[in-house]
Amino acid sequence: MHTILQALERFVGRSKVDAVHFAQAGSPPPELAYLVNFPRVSLTLSGCDVEELEQPGRTEPLELKPGSAIVIPPNCWSRPRWSHPVTVLNVLAGQKQVGLSLVTHDGQEAAPRRTGKAVLSGTAAAAERDLLQALLVVGRRPGASAAPAILDALLHSLLDTLTLPATATPRKAAVTHEALCLHLQQNFAFPLTRESVAAHFHLSTGHVSRLFRSEGLSGFSEYLNRVRIDRAKLLLRQHPLTLDEITTKCGYTDTAYFCRVFKQLTRQTPSAYRDQSKKG
């Protein structure tokens, strides 16, 4: 969290948001696209962030300089290219929390490094969730000229929340569980196991299992499957992708297994679900 706080203080003290781009639904997600069911914001702090952004019927290529941001509504996608040195702050709004991650890339490695992460829970994140919602509303207007000011307000609000003492400290188990859920929602399209997630958070696999049992309504595997099948339902409704393509985009490696999990959770086959969606 300290690294994120330093990066925010440095940006807010020296810069302002000068351009905000919005994704819009209307084209199938390509391989390695980031697509989640909650809103997120990606702000370039330094370097150059090369992105592809979903637009109706097309993909918009962007080169984002410091002070430029993209806003991705729920169920829309973006695809970072990681072709230049860059530092990016990501803000992700879950139902009960706001997640922050600071990502750096040297322009050469295959994948970026997360150099900082934080989760704001409960009432501590209420103002930030409201400002993110305001960004989504403004993004539906032509020009969205108010967007940079709202995003600047969001950054100042995050800075206040991170620096002011909390009136009540959330339970560590609840905060960790929320961080785990946010991680699964953000990375469901990639190979995930209980072991890999535990290693990412420097936890034991047994502790991850206990957190899902004690803090959530389902176990680790069930939660991950529900996240993936929710994404599959969206792709089946909105995009003419094959079942093999949907299997891959939802993080599964075997189409037959994906179909079994889908039927187990929805009581329908993927094909029947798609047909029903077209009729409805």
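The figures follow:
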quantity: Matching residues in segment 1-50 - criterion: being surrounded by fewer than 15 Cβ atoms within 10 Å (Cβ to Cβ) and among the charged types (D, E, K, R); calculated: Glu9, Arg10, Arg14, Lys16, Asp18, Glu31
quantity: Residue within segment 193-202 that is surrounded by fewer than 16 Cβ atoms within 10 Å (Cβ to Cβ) and among the β-branched types (Val, Ile, Thr) present; calculated: yes
quantity: Condition met for Thr176 (in contact (Cβ under 8 Å) with a residue 12 or more places away in the chain and of a type in the set (Val, Ile, Thr)); calculated: yes
quantity: Neighbours by Cβ (under 6 Å, 6+ apart or cross-chain): first from segment 12-32, small (Gly, Ala, Ser); second assigned to a loop (DSSP other than H, G, I, E, B) and surrounded by 15 or more Cβ atoms within 10 Å (Cβ to Cβ); calculated: Ser15/Gly67; Ala23/Cys76; Ala25/Cys76
quantity: Residue ID - farthest from His183 (Cα to Cα), chosen from residues in segment 1-50 that are in contact with a Leu (Cβ under 9 Å, 6 or more places away or on another chain) and aromatic (Phe, Trp, Tyr); calculated: Phe11
quantity: Every residue from segment 91-108 that is in contact (Cβ under 8 Å) with a residue 24 or more places away in the chain, farther than 18 Å from Leu135 by Cβ and surrounded by fewer than 21 Cβ atoms within 10 Å (Cβ to Cβ); calculated: Lys96, Gly107
quantity: Single residue of segment 257-274 satisfying the filter (more than 23 Å from Glu54 (Cβ to Cβ), hydroxyl-bearing (Ser, Thr, Tyr) and not in a loop (DSSP other than H, G, I, E, B)) that is farthest from the chain's Cα centre (by Cα); calculated: Ser271
quantity: Verdict on Leu132 being surrounded by 17 or more Cβ atoms within 10 Å (Cβ to Cβ) and not β-branched (Val, Ile, Thr); calculated: yes
quantity: Residue pairs meeting the criteria (Cβ under 6 Å; at least 6 apart or on separate chains; first without any contact (Cβ under 8 Å) to a residue 40 or more places away in the chain, in segment 68-83; second surrounded by fewer than 20 Cβ atoms within 10 Å (Cβ to Cβ) and part of a strand (DSSP E or B)); calculated: Arg81/Val50; Ser83/Val50
quantity: Residues of segment 80-131 that turn out to be among the basic types (Lys, Arg) and either part of a loop (DSSP other than H, G, I, E, B) or not assigned by TED's automatic domain parsing to the domain that holds Leu158 (or both), as a count; calculated: 2
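The values are calculated or read from the model by the stated rules, or taken from the named source; none is laboratory data. Keep in mind that this is a model prediction, so the values were computed, not measured. Cβ: placed from backbone, ideal geometry, glycine included. Neighbour counts: every protein chain shown.
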